[in-house]
Every structure is written in C-alpha cells, then in structure tokens.
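Values in this text are rule-based calculations from the coordinates and carry no lab data. Remember, it's a predicted structure, so these values are computed and weren't measured experimentally. No Cβ is skipped: glycine too gets one built from the backbone with ideal geometry, and neighbour counts run over all protein chains shown.
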Amino acid sequence: MSNNINRRGFLKQAGAVVAAGSLPLSLVEIAFGKDSPANFSFAYISDSHITHIKGNEFVRNWDRGLKRAVAEANLLDPRPDFIFYGGDIAQLGKPEELDHGLEILSGLRGDVHYVMGEHDYYLDLGDYWKKKLGPDHYSFDHKGVHFVVLNSILTYDDWTNNKWPTAAERMHQMARLDNPQGSPFMVGDAQRDWLKQDLDKVSKDTPVVVFSHSPIQKIHKGWNFWTDDAEQVQALLKPFSKVTVIYGHVHQIQYNQIGNISFHSAMATAWPWPYPSTYRQVESYLPRLTVEMNRANPFFERDATGWQFINLHTGNVDMSYMLPGNTNRVVAFDTATGKPVDTRYQAVANRIPPQVHY
Ligand SMILES: [Fe+2]
Ligand SMILES: [Fe+2]
C-alpha cells in the first residue's frame, strides 16, 4: 500500500541494501503491476548550483550535496535503469562550474539524462552545456513509457540578445529573484512545434512523463516559478490519459493537478527556497493542493533539501519525500479524487504546525 510506504518499507520492498540516512536524490520506480517485467526505476538529482569562488575553489556545501547524491545513487539496489539530472548544475553558467559539477556527476554508475536550467544557460546561451551534454530537448521510450525533456527556461529574444552589455550581466540578472528587469521563462514556439510532432507518434494510452526545469504551470512570477506558455504546452499533453510533469528549479515540495496532468517538484541538493508567501507578501498561485513543507531547523544546512522516490503505479505518480532532520512526506495519486494528495497532512487539522519565520 503506497500510502504507508516509508524508507524502510521501500528498501525492504526493493530488496535494497543501502546505508541509513536521507540523501538528496530521488529514486523513481515505474510500476505496471506487481510482477510485471516492465517495472523499473530511475534516480533523480537536481539543482546543485556548483559555485566557483576562485582558482580551484568552489562552495563546499553545494559540492557536498551533489557528492552525497552521487554516492547514494551508486548504492541503489536494484540498480536504477538510468538517472535524471533536473538542471542548474552551475550557479553562474561558467565552464569551470559545469566542468566541476560534471566531474562529480561522472562518478555516477549508469546513463544520465540532463535537463537545462537557467543557471546553466544565460551566460553563453547553453553553448558549453550543449557541447558537453548534447541537445536541450529530446524524447525517448523506455519500457512502455514515453519520456520527454524540454528546455523550459528560454525567454524573449529581445531580452536575451539586446538588453545587456555583457553575457555575465545577463546571467546575473536572470539569477536574481524579484527582479523588475527579469523576464518570464517559456518553452517557445520552436520547441512546442517539435513537441506536437513528437507526441503525434505516441498512442494516447501510453503514460507520458515530461521533465522540465521550471514548472509547466504558473505559481509565482517574481521568482520565475512560472512558464509563460504553460497552457499551450498543457494543451499538447491533454489528449493523453496519464501525464506527469516533474520539475526542479523551485527547491521545495509542490504538487498540483490540472486536468489530466499531475505536477510534482523534486528537491534540490543545494539549498531550499522558502515558499513565496512566507518570504514576501506578493502574488502567488501556489497550488491549493500543496501542503507546504515545514522547515524544522533552518540552521541545519541540509534541512529542507532531500530526496524522493517515485512510484508510477499503472501510470500515476506517487512521490515519497525523504527529508533529513524533518518529517518525511508521501504525496500519492488518489484514484477516487483524481489528484495527488499528501497521505498524512492533506487535511488542515493534521498539518505540522508551521514554523514562525523571523
Ligand atoms: Fe535551482
Ligand atoms: Fe532554476
């Protein structure tokens, strides 16, 4: 019963031998039935924000989060079929940062699929990332599931090409929150045309899992928890019976259901973002479904980072969030209501009392 799943239960179920501890990656299990030969799992790591200081120096805390995720991924048993990286390897898009992050990630056993983050992109418009990792949007089929990767962090050509005196200035502007000089993210016409053609070849009862960096839904514009053409992308996904969008970028738990599409965020290995409304009273469309994550101890560097594993049972996603030093959470698809719910904390009366922020 996925509602009662916990780390120990999962490891027992998976027959895994993994050292105890909560680590910043996700193990994703795709399940098509108890004994189906199609069952498989994959791991998910995101938002490491490797930050160059000078020479060979990098911010050590961010290095550690990523190294720990790689170590944990390598201990997974059974082996995940592949690993996803959800974007923002680098902090300011520098080749040194991408190289350093990729060197740590090269320790992973298994194939890795990459998603472009805005911190990887806005220095050189993704040139170095693409040289190292290949195309920024692509799709593939694996054991009955159609996987799609989108670059959702593009913006208007005029902002990108004509507004800033240097590439470094452009990168700094896009890295800021609440920036009136910023610009909203989008997938863009060319990729939406590609997506339409790609999906035309897929039967409508095939489970589709889409990976983007920013959410393909609109949550909070000031922090670019937002994709401007979200509705147009959602419309292309509408004909499919089971669709899940998994995204990074927000460094916090979020979940939502829009029509046939379930949305889930993944955790960061670097740092947590507070929920927009707790930080500043500004307009936010944080999904009403989302029970916000309680930060038990903001002085513990790993609190509110974490990892989760995901069961995609008969095509619907269940996320189990493992939160070091905090209370673990399970967000599972409820077939009765047709949306994801927190299995313990969805009812207001059951919620963990919110922490007071000073
Ligand atoms: Fe990020
Ligand atoms: Fe990001």
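Amide H to amide H under 5 Å from ILE50: which residues, 5+ apart in sequence or cross-chain, H placed 1.01 Å off N in plane?
ALA90, GLN91
For region 191-308, with only Lys/Arg (+1) and Asp/Glu (-1) charged at the beta-carbon, what is the dipole magnitude about the Cα centre, in debye rounded to 20?
Magnitude of the dipole: close to 140 debye.
If packing is taken as the average number of other Cβ atoms within 10 Å across a peptide's residues, how do 96-102, 335-341 rank, most packed first?
Answer by packing, highest mean first, reads 96-102, 335-341.
So which chymotrypsin sites (Phe, Trp or Tyr not before Pro) in region 123-197 end up in coil per DSSP with only 16 or fewer other C-beta atoms within 10 Å?
For chymotrypsin sites (Phe, Trp or Tyr not before Pro) across region 123-197 that sit outside H, G, I, E and B with at most 16 neighbouring Cβ atoms in 10 Å, the list reads TYR156.
Apply the Karplus parameterisation 6.51 cos²θ - 1.76 cosθ + 1.60, with θ equal to phi minus 60°, to every residue of region 117-129 and state each ³J(HN,Hα) to the nearest whole Hz, in sequence, with x for glycine and proline.
With coefficients 6.51, -1.76 and 1.60, one gets x, 5, 6, 8, 9, 7, 7, 10, 6, x, 4, 5, 4 Hz.
Just rank HIS49, HIS172, HIS119, fewest to most, by other beta-carbon atoms within 10 angstrom.
The fewest-first ordering by Cβ neighbours comes to HIS172, HIS49, HIS119.
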